Every structure is written in C-alpha cells, then in structure tokens.
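Trainee: Structure provided below as structure tokens; questions to follow.
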Amino acid sequence: SQKIEQNSEALNIQEGKTATLTCNYTNYSPAYLQWYRQDPGRGPVFLLLIRENEKEKRKERLKVTFDTTLKQSLFHITASQPADSATYLCALGGLTGGGNKLTFGTGTQLKVEL
Amino acid sequence: DGGITQSPKYLFRKEGQNVTLSCEQNLNHDAMYWYRQDPGQGLRLIYYSQIVNDFQKGDIAEGYSVSREKKESFPLTVTSAQKNPTAFYLCASSMVLAGDEQFFGPGTRLTVL
C-alpha cells in the first residue's frame, strides 16, 4: 500500500540546535517534494521545493534533501528558534496521473525550547 | 492585497443539513483545491480544479460537491451524505506548472451537531 510517514511523535529540541525532520514514502514515485509549515488553526505555508533530480536545496536556515533510492526526504532547520515551533508537512507531487496534485504526510510537530 | 479567503471561519450545522463553504482567490491562479484535515492528521484532498468549469475528485470526494463557474471562486458543499463532516476544511490555489507551490486560505472549522 502507499504510505507517507513522518515522525508521529513531537520533536523537542533546544534553541540553537539543528532540528531534523524525516519524510519516508512507500510505493510512490514523486517528481518533486514540497515542505510546508502549519501553525495551529491556520493554513499551511510553503517553505521549499525539491525535484527528483536534485539532492539538496537550501533557503536561509532551512535545508532539504531528497533521496529517491531510499525514498526519503530530510528537512533541517539550523540554529533553531522558539518561533520555529510548528507542525511541518511534507507533500509529494508529480505523481502518475496526478497533475499538480499534492499528497501530504501527517506532519511532525516541532517544539523549540529556550 | 492578494490572497485566498475562506468564509466563515467557524460554522455550526445540524446533522442532515447541507452546508456550503466559500473560497475566493485574487491571485489569478488556474488551479484550486479543497482539503480536509482531522485532528493529528495530514491534509486529504477532496476535490480539485485546474480550469474553470472542470473539476476532478480527490481521495475522499464522497459526500461532497463543488462547482467552478468563475476562476476566482471554488465553493464546496458538504452534503448530508457525508458521514462524518466535522473537520477543518482548507482551500488552496496554485498555478498549474509542476512543482508550483500551493497557497492556502485560513480554513473553515465545521462542526456538525
């Protein structure tokens, strides 16, 4: 069966450390992968896009990797701050017959503590 | 002020009633989407539309209906056939090129009593 798995338990880290979030998928062949941030009671906000032919993308303190052999993406936030506390969603796109649809994972809740 | 709006933010309805959720965008996007989110869950696609007067079912379309008569508007009707309609509903829009980001509205929290 098809699955997208993100850490189901909340990730708690100390301010200033690097947070690493995982997105694993099974029986999908995405052409690209996106990461979104969602705050409680609000809609998700786009953060980064990485395509299947790219190994790594960076944007300010954010870095995402995409390994199509392992079927995994890692999302890193360096020098984390309490304001980074939120739920982070990965989404697969460019699936066969899918057009521009995205299929979302369940999200990982990140808490950055002082 | 460009963006995507949803109304109302909170909606209460009695069981057995149909209810329509509004979604409007002024981003000139061709594609629009409706998602449902349950507590602790990711987003599940209900319907999407890539062009006016055309739309496709997503993964959980049963009990829902949509229309796309204007580029800016994509209303969602939650019908009485939807077995468990209480949820957080999110509307999004995007361009149609592969990889284009989706812009989300603030969401409507529907509670069926």
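Trainee: Sort through B:Val112, B:Val66 and tell me the only one that's modelled with pLDDT of 95 or more and either hydrophobic (A, V, I, L, M, F, W, C) or surrounded by fewer than 18 Cβ atoms within 10 Å (Cβ to Cβ) (or both). Steps first, answer last, please.
Mentor: Numbers: B:Val112 fails: modelled with pLDDT of 95 or more.
The conditions single out B:Val66.
Trainee: Tell me the residue from B:Gln50, B:Gln56, B:Gln41 that is at the interface with another protein chain (Cβ under 9 Å from one of its Cβ atoms), out of contact with any Ser or Thr (no Cβ under 8 Å at 6 or more places or on another chain) and either within 30 Å of A:Gln6 (Cα to Cα) or open to solvent by 60 Å² or more (accessible area, probe 1.4 Å) (or both), please. Step through it out loud before you land on a result.
Mentor: Values: B:Gln56 fails: out of contact with any Ser or Thr (no Cβ under 8 Å at 6 or more places or on another chain); B:Gln41 fails: out of contact with any Ser or Thr (no Cβ under 8 Å at 6 or more places or on another chain).
Every option except B:Gln50 fails the conditions.
Trainee: Out of all the residues in region B:62-113, which are farther than 22 Å from A:Arg37 by Cβ and among the polar types (S, T, N, Q)?
Mentor: Selection gives B:Ser65, B:Ser67, B:Ser73, B:Thr77, B:Thr79, B:Ser80, B:Gln82, B:Asn84, B:Thr86, B:Thr111.
Trainee: Among all residue pairs at least 6 apart or on different chains, which show Cβ distances below 7 Å where the first residue, located in region B:57-70, is over 14 Å from B:Tyr89 (Cα atoms) and the second is part of a loop (DSSP other than H, G, I, E, B) and among the aromatic types (Phe, Trp, Tyr)?
Mentor: Pairs that qualify, where the first residue is over 14 Å from B:Tyr89 (Cα atoms) and the partner is part of a loop (DSSP other than H, G, I, E, B) and among the aromatic types (Phe, Trp, Tyr), are B:Arg68/B:Phe74.
Trainee: Let me spell it out: the conditions are (1) at pLDDT 95 or above; (2) within 14 Å of chain B (Cβ to nearest Cβ); (3) within 12 Å of the chain's Cα centre (by Cα), and A:Asn7 meets all of them except one. Which number is the exception?
Mentor: With (1) at pLDDT 95 or above; (2) within 14 Å of chain B (Cβ to nearest Cβ); (3) within 12 Å of the chain's Cα centre (by Cα) applied to A:Asn7, the lone miss is (1).
Trainee: Would you be able to say whether some residue in region B:91-98 is out of contact with any His (no Cβ under 8 Å at 6 or more places or on another chain) and among the polar types (S, T, N, Q)?
Mentor: The answer is no, given that none of the residues of region B:91-98 is out of contact with any His (no Cβ under 8 Å at 6 or more places or on another chain) and among the polar types (S, T, N, Q).
Trainee: Something else about it: Tell me yes or no: at least one residue of region A:88-111 is open to solvent by 10 Å² or more (accessible area, probe 1.4 Å), under 28 Å from B:Pro39 (Cα atoms), away from chain B (no Cβ under 12 Å) and assigned to a strand (DSSP E or B).
Mentor: Yes, region A:88-111 contains a residue that is open to solvent by 10 Å² or more (accessible area, probe 1.4 Å), under 28 Å from B:Pro39 (Cα atoms), away from chain B (no Cβ under 12 Å) and assigned to a strand (DSSP E or B).
The values are calculated or read from the model by the stated rules, or taken from the named source; none is laboratory data. Keep in mind it's a predicted model, so treat the numbers as computed, not measured. Quick reminder, even Gly has a Cβ in these numbers, built from the backbone with ideal geometry, and neighbours come from all protein chains shown. Protein only, heavy atoms only, side chains kept; ligands, DNA and RNA dropped before computing areas. Shrake-Rupley method; radii C 1.70, N 1.55, O 1.52, S 1.80 Å.
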